[in-house]
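Notes follow the structure.
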């Protein structure tokens with residue numbers, strides 16, 4: 001029995017020479033494993049971060065949780081540019097056009113710096129009303145405001161690193177991004193230990209210390225990312241070209257992919273913002289329990305995200321080489337491997353969910369919520385991982401308009417709408433929010449699966 005069946009996957013398509021199954025799987029895993037490991041360690045660092053903050057009390061977990069969506073809303077434009085740069089660099093790598101790829105990266109680096117300075121200044125200035133809008137309580141407001149101002153104020157280092165790593169992933173250099181993020185998150189965890197509780201003579205700064213540690217980690221990531229694009233032998237080498245403006249064709253491609261990706265990011269952030277506000281109004285204990293669950297969902301997302309990154313790279317490069325058949329085959333391999341990972345993670349979450357929650361807190365009410373959340377998550381993560389991989393396939397082909405439409409329908413409307421209905425009118429409370437999350441993931445899975453299977457995305461040009 002074969003892991004993949006190229007004839008079945010590419011039915012109705014013109015096929016070129018297909019490598020052996022072993023070669024295809026090996027190529028996909030070589031691209032995917034650094035991204036999976038990177039995403040896992042980023043999520044693990046977030047988990048450790050929450051555990052360390054949780055030592056201060058449930059109010060601290062809730063306070064940090066209130067800042068998550070405003071922080072990502074600040075990053076929405078930059079994340080959309082990163083989607084575009086990964087897709088375009090992958091295409092240019094496939095076609096062997098190094099100069100065009102580097103011009104695109106230089107231009108987006110300049111835009112990233114200018115735009116971040118403007119956006120972060122606004123977020124820092126209006127941090128208090130933003131946190132209040134998120135549903136902060138008297139015991140969490142001041143801490144959340146301080147945390148948000150420090151993290152967003154230092155976000156320039158983060159956005160530069162994210163953009164350069166996105167370009168490296170598009171070129172297939174996923175190990176560079178992995179190394180950068182693992183080292184930077186290790187720095188973050190180290191300074192969490194030193195600054196939250198005050199160890200080895202460092203001051204005990206509490207939540208402020210956690211925020212400073214996060215910024216120090218991103219400074220480290222920024223330095224490493226810049227160093228990675230200064231090597232002559234790399235495909236991404238910013239000194240290989242002069243000037244800061246890309247060619248007209250690449251600018252048009254950037255706009256077509258980036259504008260749709262930006263709409264998608266805005267839809268995601270609005271949906272998650274409304275969803276977070278729904279949860280925040282349930283109370284501090286419920287928000288703390290939810291934030292731990294969100295951490296664990298992020299851990300499972302890491303596997304889908306890793307194979308999503310691989311699919312963006314492999315599909316973009318295959319289409320750049322005029323091999324839509326190989327693009328579809330690589331997408332199928334990433335999807336099946338993601339499914340195997342989902343089976344393992346689901347088993348762990350289902351049987352050991354309460355024990356995992358006990359690492360964060362000994363509050364019996366939070367542990368009771370955690371048991372139910374982890375059982376729901378053990379089912380939801382199958383749809384989550386698979387839809388993330390399918391979305392990566394579509395983004396790698398430049399089909400961001402479709403992913404934006406799905407995000408508008410599912411994340412902006414279905415998730416917050418169903419969650420609010422179940423939480424309040426129907427009285428399900430926090431569990432209603434997680435059932436709403438399940439509805440969102442299931443809808444995104446089925447729509448992206450049907451789009452991938454149809455195959456029209458293989459005909460898009462960038």
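The values are calculated or read from the model by the stated rules, or taken from the named source; none is laboratory data. Bear in mind the structure is a predicted one, so any value in this text is a computation, not a measurement. Ideal geometry is used to build each Cβ from the backbone, glycine not excepted, and the neighbour counts take in all protein chains shown.
Quick look at the values:
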read-out	value
The lone exception for residue 309 - which of (1) at pLDDT 90 or above; (2) within 21 Å of the chain's Cα centre (by Cα); (3) buried (at least 22 other Cβ atoms within 10 Å of the Cβ) it fails	(1)
Residue in the stretch 422-440 that is under 27 Å from residue 28 (Cα atoms), under 18 Å from the mean Cα position of the chain (by Cα) and modelled with pLDDT of 90 or more present	no
Single unsatisfied condition, residue 3 versus (1) in contact (Cβ under 8 Å) with a residue 12 or more places away in the chain; (2) surrounded by fewer than 16 Cβ atoms within 10 Å (Cβ to Cβ); (3) farther than 22 Å from residue 303 by Cα	(3)
Filter result for the condition that a residue is out of contact with any strand residue (DSSP E or B) (no Cβ under 7 Å at 6 or more places or on another chain), within 26 Å of residue 239 (Cβ to Cβ), at pLDDT 85 or above and in a helix (DSSP H, G or I), over 166, 132, 144, 121	166
Subset of the stretch 173-197 (residues that are under 17 Å from residue 143 (Cβ atoms) and not in a helix (DSSP H, G or I))	196, 197
Qualifying residue in the stretch 171-178 (condition: modelled with pLDDT of 90 or more, within 17 Å of the chain's Cα centre (by Cα) and surrounded by 24 or more Cβ atoms within 10 Å (Cβ to Cβ))	no
Matching entry among 288, 294, 342, 302 (being part of a helix (DSSP H, G or I), without any contact (Cβ under 8 Å) to a residue 60 or more places away in the chain and either buried (at least 19 other Cβ atoms within 10 Å of the Cβ) or out of contact with any strand residue (DSSP E or B) (no Cβ under 9 Å at 6 or more places or on another chain) (or both))	342
Residue 318 vs. criteria surrounded by 21 or more Cβ atoms within 10 Å (Cβ to Cβ), in a helix (DSSP H, G or I) and at pLDDT 85 or above	yes
Selection from the stretch 25-46 of residues that are buried (at least 24 other Cβ atoms within 10 Å of the Cβ) and over 19 Å from residue 336 (Cβ atoms)	38
Flag if residue 324 is free of Cβ contacts under 8 Å to residues at least 60 places away in the same chain and either surrounded by fewer than 24 Cβ atoms within 10 Å (Cβ to Cβ) or in contact with a strand residue (DSSP E or B) (Cβ under 9 Å, 6 or more places away or on another chain) (or both)	no
Qualifying residue in the stretch 268-284 (condition: surrounded by fewer than 18 Cβ atoms within 10 Å (Cβ to Cβ) and over 25 Å from the mean Cα position of the chain (by Cα))	yes
Residue match in the stretch 234-242 (condition: over 23 Å from residue 165 (Cβ atoms) and either out of contact with any helix residue (DSSP H, G or I) (no Cβ under 6 Å at 6 or more places or on another chain) or surrounded by fewer than 19 Cβ atoms within 10 Å (Cβ to Cβ) (or both))	yes
Residue within the stretch 48-56 that is more than 30 Å from residue 193 (Cα to Cα), in a helix (DSSP H, G or I), more than 15 Å from the chain's Cα centre (by Cα) and in contact (Cβ under 8 Å) with a residue 60 or more places away in the chain present	no
Selection count where residues are closer than 30 Å to residue 243 by Cβ and surrounded by 14 or more Cβ atoms within 10 Å (Cβ to Cβ), scope the stretch 102-143	14
Residue within the stretch 92-101 that is under 19 Å from residue 237 (Cα atoms), surrounded by 23 or more Cβ atoms within 10 Å (Cβ to Cβ) and touching a helix residue (DSSP H, G or I) at 6+ places or on another chain (Cβ under 9 Å) present	yes
